[in-house]
Amino acid sequence: MIQRPFDLYAPAAAEIPLVLDSPHSGEDYPPDFDYACDFAVLRRAVDTHIHDLFGAAPALGAPLLAARFPRAYIDPNRSPLDIDPELIDGVWPGRIAPGEKTRLGLGLIWRKIKAGTPVYARKLTVEEVWRRIESCYLPYHAELQRLTDRAHARFGRVYHVNCHSMPAVGDRETSADGASVRPDFAIGDRDGTTADPAFTAFVVDHLRALGYDARANDPYKGVELVRRHGRPAEHRHAIQIEVNRRLYMDETTREPNALYARTKGHLEGLLAAIAGWIARR
């Protein structure tokens, strides 16, 4: 069991109605993970360095929440009902609603990794899954809810940026876009349902002005976290930002590449531009 499920980087300046989170960059591997696949393959699931790339947020007055646990251990960007019955030893005692990603082995707790490699050599008990939900999933969601509620109560609105990275090329077996070459950035708002379209357009346009191939809802639209926190009618706006890994790291070694500093600087500029856009609104 993991002892501390997340890091919170608190605002270091006057607070603004902006909250960031990085749910998939955690690399604290708990002793009870008991994975059987190769560790190098397991690490492919991690959005390595993303919490650092977006690390300018606190200096602008925005908190940054970063998971410490790996997403393959339990994925905070899935519904708690997204239980994979093929992974459970026995019968799950509550309601389940597995989706297409679960069928592919990428549900709340991953059964497979890239190219269909099994994560475990056994099934998990109901008790093991519950421990992961209680020690990691629920605390992470509770803290993000607290942060967004706090900003909304203070300012009457909140903008949530859900930070991710994506492989340069999709996976033929598990990706909706197949083995396609990805754009530099994908900005997701679930087809305009989780944020003011002007917010999404501003982010896309800012990145395009820097020379990047930035697209809205292609190939990712956003999943559970933006769905929960994006309710524009209540002045709660949430977008997902996917950064192409080729822009900042070697996908094999996971080490920063020659573009790391440049990409980080551009993301710092993007966050400053978002802060200015929010202030003008």
- Message: Can you tell me which of (1) open to solvent by less than 50 Å² (accessible area, probe 1.4 Å); (2) closer than 23 Å to residue 261 by Cα; (3) of a type in the set (D, E, K, R) is the one residue 43 doesn't meet?
- Response: (1)
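Taking the condition open to solvent by less than 50 Å² (accessible area, probe 1.4 Å) and either modelled with pLDDT of 95 or more or hydrophobic (A, V, I, L, M, F, W, C) (or both), does residue 225 pass? Give the derivation first.
Numbers: open to solvent by less than 50 Å² (accessible area, probe 1.4 Å): yes; either modelled with pLDDT of 95 or more or hydrophobic (A, V, I, L, M, F, W, C) (or both): yes.
Yes, satisfied.
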- Message: Pairs please, first residue from the stretch 224-247 and farther than 16 Å from residue 152 by Cβ, second anywhere and at pLDDT below 95 and of a type in the set (Lys, Arg), Cβ atoms under 9 Å, 6+ apart in sequence or on different chains.
- Response: 242/182; 244/182; 245/182; 246/182
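I'd like to know if the stretch 176-191 contains one or more residues that are farther than 27 Å from residue 156 by Cβ and of a type in the set (Val, Ile, Thr).
Among the residues of the stretch 176-191, at least one is farther than 27 Å from residue 156 by Cβ and of a type in the set (Val, Ile, Thr), which makes the answer yes.
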- Output for the stretch 101-149, where each listed residue is in contact with an Asp or Glu (Cβ under 6 Å, 6 or more places away or on another chain) and surrounded by 19 or more Cβ atoms within 10 Å (Cβ to Cβ): 102, 107, 108, 111, 144
- Which condition number in (1) touching a Gly at 6+ places or on another chain (Cβ under 6 Å); (2) surrounded by 23 or more Cβ atoms within 10 Å (Cβ to Cβ) is the one that residue 51 fails? (1)
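I'm trying to understand the selection: among the residues of the stretch 178-201, which are touching a residue at least 40 places away in the same chain (Cβ under 8 Å), over 16 Å from residue 244 (Cα atoms) and open to solvent by less than 10 Å² (accessible area, probe 1.4 Å)?
Taking the stretch 178-201 as the starting set, the residues that turn out to be touching a residue at least 40 places away in the same chain (Cβ under 8 Å) are 182-190, 194-196, 199.
Retained after the next criterion (residues that are over 16 Å from residue 244 (Cα atoms)): 189-190, 194-196, 199.
The answer is 189, 194, 195, 199.
The values are calculated or read from the model by the stated rules, or taken from the named source; none is laboratory data. Please read these numbers as outputs of a predicted model, since none were measured by experiment. Every residue, glycine as well, gets a Cβ built from its backbone with ideal geometry; the counts of neighbours run over all protein chains shown. For accessibility, only protein heavy atoms count, side chains too; no ligands or nucleic acids. Shrake-Rupley method; radii C 1.70, N 1.55, O 1.52, S 1.80 Å.
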